[in-house]
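A quick write-up on the structure given underneath.
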Amino acid sequence: MTTSFDRRTFLKGATTGVGLGVIGAMGLYSYSPLRKAHFPEVERKMTEIGTIKSLKVINISETSWFDNGILTGDIKHAGGLLVDQYLYNWPPFGNGKGLGKGSYEEGIAKIKQYLPHDLEKAWEIIEKECINVDNAGGFAALLEIEEMDGNKRKFLLDTGWSYKWMDECFKREGIDTMLRNGEIEALIISHEHFDHYWGLPVTLKYAPDIPIYIPEGFYKEGLQYIKDSGHTGQLTELKNGLNKIIPGVATYVFPVPIICRVFGEQSIYCNIKDKGLVSVTGCCHQGIIQFAETAYNELKYEKDNFYGIYGGLHISPFDDWDPKYDDLVISLANYDFDMIGCNHCTGLVCANKFIDAGYPVIQGTAQHRSKDTAYLGNGDTITFG
Amino acid sequence: MERYGAGYLEERKLIARAPGLIPGLVSLVLVLAVFYATWWIFQDPRGYFRMYTPYVGYMYCRWWLVMMIWMVYLFDLYPFKRVWLEKSHPITKGIVLTSVSVVILLILIKGFFEFLLGNFGLAYFNPAQLEKLPGITSFFAIEYACLAILMFAAISSWLSPAWVIAFEKAPWANLKQPVLGFTLLAVTFFLSTIVYFVTMHSHMGILYQPWQYFTSIAPPYWENFADTVSGNFHIAWIMCCTVVIWLVETIWQRYPFNLIKNDNLRRISLFIGIIAIALAINFFLYFAQELTWGEAIRGTRREHSPDWRWLHVGEMAIFWLVPALVLSFYFNNWPNKFSMPVNVAVRTIITLVGAVVLYIVYYKTSHLFLGTQKGFSHPQQFPMIPMIWLVNIMLVHHWFMDNWPMWKMVPKTSDEIAAEHAHEAEVLEDERPTRSYGWGIGAGVVAGVAVFFVVVAILPSMYAAIDIIS
């Protein structure tokens, strides 16, 4: 080893040392508690959205489809969870070419002339052109909001999938009459998925001019479907983030990528006087804890309390499972919800895990083709406040 | 004595058919074209086989990589004779060797995992066994089985080359093929099995309700440290190991471990060093996500959930592997004119920039042509699949086809090989540490730590300045 100083050798060592220093710091510091000093303090925005007296949710339909095996079989044979939903040849967009070979344009061309006034005729065509027509159900819920002065206002959250099934459900719950009478102020679409959105003509059949709120992120087919379904009212595309609807009620749009080529979902916050915040979701692809965290960071709500949840929580819709869902089940305790009304894409496995964990899950009656009492089923109601 | 493919990659001389960057750029275009064509045929959700379900395509993609590593690094392309490797047309070699890799791949997955292990050992390796359980649909039975099998591949893609690159095949390097290949296979597969059981088995054990307490540790032991019960925590560092091993082999030329003269010390240092570097990258990439997206929140979904962030660590690491292989395979591992540490440093910077650009371009555009969904955190979307698929195509091109058509393969003469070894020894001798080198190391470490904190300080604003997904 030489003892004299050599600049070139020094630089070679220094170059190597930089690498060692960077890697060493990365390894020793990056996951140490010290790193937390770099995280900015998140200041709660405490945005006021007002309050309402109470919220009643009528579960019009939570059975988005009736047989998991059939639906996942379609997904399996069409190419998996990333296949574009408009390619499946699921109702109503059928072209008669079979699974995975459909298209919006070919499907809508066959039924457009009957939308929304003659859904029976449209459905006859759909039954010939589409696959597994009888497996289609849908998700829709009616929100009855009691304002602070006692005035009641109604909103429809989602409009289901199958024309035939949703029309039956609407009639069963009297939604058809409410729509016809103009009692329902607006249709709020949570996201573009088939089971929440493709039943749009059923709503428009009774109220073609109903105002519609959709979240930012719809694909061109989804936007075209609103026109092709015969909508004549106001369409509002809500931007990502918080959107106040009426005093005490707001939606929040999350720019999330979703299976079957869908992007973006909005869910609803209702601030119940003297109780706390209720989160109402269609599918909640953003995750219920993300939704709660967003509320915590963005909103001011009564008693700073998470009062309740209603809706699909998109955990195990096909009764599939993943350890990350256990993270959710474990972590939900931190949010201390007083009432949990779940169904649909929450999944039976998850609902049972919630119950086993001792969460205040409101159980249902398993009627009108809902499968289990572990969660709120078709025709069941839940009232907050 | 028949040598099969032993030393074949080092002893072949690839003569460019065009000057400058042209061969590399043309090859890159060709490789990307083949990638896209094969992606459409096999993986794309709009294509022919639609294997990107995602786990089916992911499983085959990962194991195909391992198959090629086995063939080239463990078995030295046995039973293909050296003269065949040297004389056959690259297209013939590409077709034959790729076909062999696929046959072995199918035997391994269908025969070993699904039939043998899945029927006589662990049910979750076989979809048919899982479908017997109430509530499990055929689609998810296949996805679960593929997940388990591909997790094994992730480990194997780290340990199989590790024994060759780090341990230099010791202590069996003098064995003949196929004894050497089977020995290395047995050892690395055995180690992979152990690592699988202590890292992934518990993930599979809690996939079913109730948790399988009797057969797996539930909740997994890493829960509190990783802030998740998901095995993605292990996927993260294992993927980093997979990437680091190829960085060491290509752009880093095993520097600085190759300065260690003692064989055993060098081998052990390199094996442990790869893990240490991988862990450092692993933790930093997790930290980088915290700096850009905020702290993870356990139980939530997408960008904010710890399990996805660990997965994304592995995904980000893979984005570094691609430019490193491109530089090594198609641009002669440029630069080579400086000292080894400077060459290594320049290549590291080039490939890091390449990785960042690739990451941005991928998330900005991939949904427009790969049939995937836009967004970072689609739960069924793995950029590892197209990246590894691209790596596989590059390996076929570089290992099996001698970079044809832009290069011509000519075996080096024994004089050329001897001269090359002498040159390597000379270069290493030139890099032997001196006191000045030691002072340089000391100063460099201080500067390196400073660089780390500068990066940490500017990362959030850098991320905010780039609108990756609109």
- Query: Going by a ≥ b ≥ c, the root eigenvalues of the Cα gyration tensor, does the range A:161-289 fall in the rounded group (a/c under 1.5), the prolate group (a/b larger than b/c) or the oblate group?
  - Reply: oblate
- Task: Report the calculated FRET efficiency for B:D263 and B:V410 (r = Cβ-Cβ distance, R0 = 51 Å), to the nearest 0.05.
- Result: 0.95
- What distance in nm separates the simple spin-label points at B:S461 and B:V357, each placed 7 Å from Cα in the Cβ direction? 2.5 nm
- Signed unit charges on C-beta, dipole axis of chain B, positive-most listed residue B:A280, B:V391, B:V244: B:V391
- Shielding of A:27-35 by other chains, given as the mean Cβ count within 10 Å, works out to 6
- Note on the structure: At the level of C-alpha centres, the distance separating the range A:55-81 and the range A:119-169, in angstrom, is 14 Å
- Here are some pairs, A:K110/A:K164; A:K97/A:K239; A:K56/A:K227; A:K101/A:K205; A:K220/B:K364; which of them have Cα atoms lying more than 26 Å apart in this structure? A:K97/A:K239; A:K56/A:K227; A:K101/A:K205
- Task: State the Kirkwood hydrodynamic radius of the range B:275-404 in Å, one decimal place, computed from all pairs of distinct Cα atoms.
- Result: 16.3 Å
- Task: Have a look at A:K152, A:K56, A:K12 and tell me which one the Gaussian network model of chain A (Cα, springs below 10 Å) gives the largest fluctuation.
- Result: A:K12
- Task: May I ask you to list the lysines whose Cα is less than 23 Å away from that of B:K169, ignoring any residue fewer than eight positions away on the same chain?
- Result: B:K81, B:K261
- Modelled label-to-label distance, B:T183 and A:A333, 7 Å Cα→beta-carbon offset: nm? 5.3 nm
- Item | Volume in Å³ per residue [convex hull over Cα atoms, computed for chain B] | 160 Å³
- Message: Given a Förster distance of 56 Å, report the FRET efficiency between B:I15 and B:A170 from their Cβ-Cβ distance, rounded to the nearest 0.05.
- Response: 0.95
- Determine the calculated [θ] at 222 nm for the protein assembly as shown from helices alone, applying -39500 (n - 2.57) to every DSSP H run no shorter than 4 residues and normalising by the residue count; nearest 500 deg cm²/dmol. -15500 deg cm²/dmol
- Inter-label distance for B:E426 and A:K121, nm, one decimal - labels placed 7 Å from Cα along Cα-to-Cβ: 9.0 nm
- Which residue fluctuates the most in chain A, going by a Gaussian network model with Cα springs under 10 Å, if the choices are A:A207, A:A37, A:A141? A:A37
- chain B: longest stretch without exposed trypsin sites (Lys or Arg not before Pro) (DSSP loop, at most 12 other Cβ within 10 Å), sites themselves excluded? B:338-470
- Message: Can you tell me which of A:P91, A:P257, A:P208 moves the most in a GNM of chain A? Springs connect C-alpha atoms under 10 Å apart.
- Response: A:P257
- Query: With charges only on Cβ, +1 for K and R and -1 for D and E, what is the dipole size of chain B about its Cα centre, in debye, rounded to 20?
  - Reply: 600 debye
- Note on the structure: To the nearest 0.05, the calculated FRET efficiency linking B:H89 and A:E48 through their beta-carbon distance, R0 being 60 Å, is 0.20
- Item | chymotrypsin sites (Phe, Trp or Tyr not before Pro) restricted to DSSP loop in the range B:163-235 with at most 15 other C-beta within 10 Å | B:W172, B:Y213, B:F214, B:Y221
- Task: With +1 on each Lys and Arg Cβ and -1 on each Asp and Glu Cβ, and nothing else charged, work out how big the dipole of chain A is about its Cα centre, in Debye to the nearest 20.
- Result: 1040 debye
- Any idea how far the Cα center of the range B:302-370 sits from the one of the range A:219-261, in Å? 37 Å
- Message: Please compute the length gained on full extension between A:D67 and A:R8, using 0.36 nm multiplied by the number of residues separating them and subtracting their Cα-Cα distance.
- Response: 14.0 nm
- Note on the structure: Among GluC sites (Glu not before Pro) in the range A:3-105, those in a DSSP loop whose Cβ has at most 10 other Cβ atoms within 10 Å are A:E41, A:E43
- Using a simple charge model, +1 on the beta-carbon of Lys and Arg, -1 on the beta-carbon of Asp and Glu, nothing else, what dipole does the range A:1-79 show about its Cα centre, in debye to the nearest 20? 460 debye
- Length gained, A:Q234-A:A109, 0.36 nm per residue minus C-alpha separation, equals 42.6 nm
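FYI, it's all coordinate maths here, none of it is from the lab. This is a predicted model, so every value here is computed, not measured. Backbone-built Cβ (ideal geometry, glycine too); neighbour counts: all protein chains shown.
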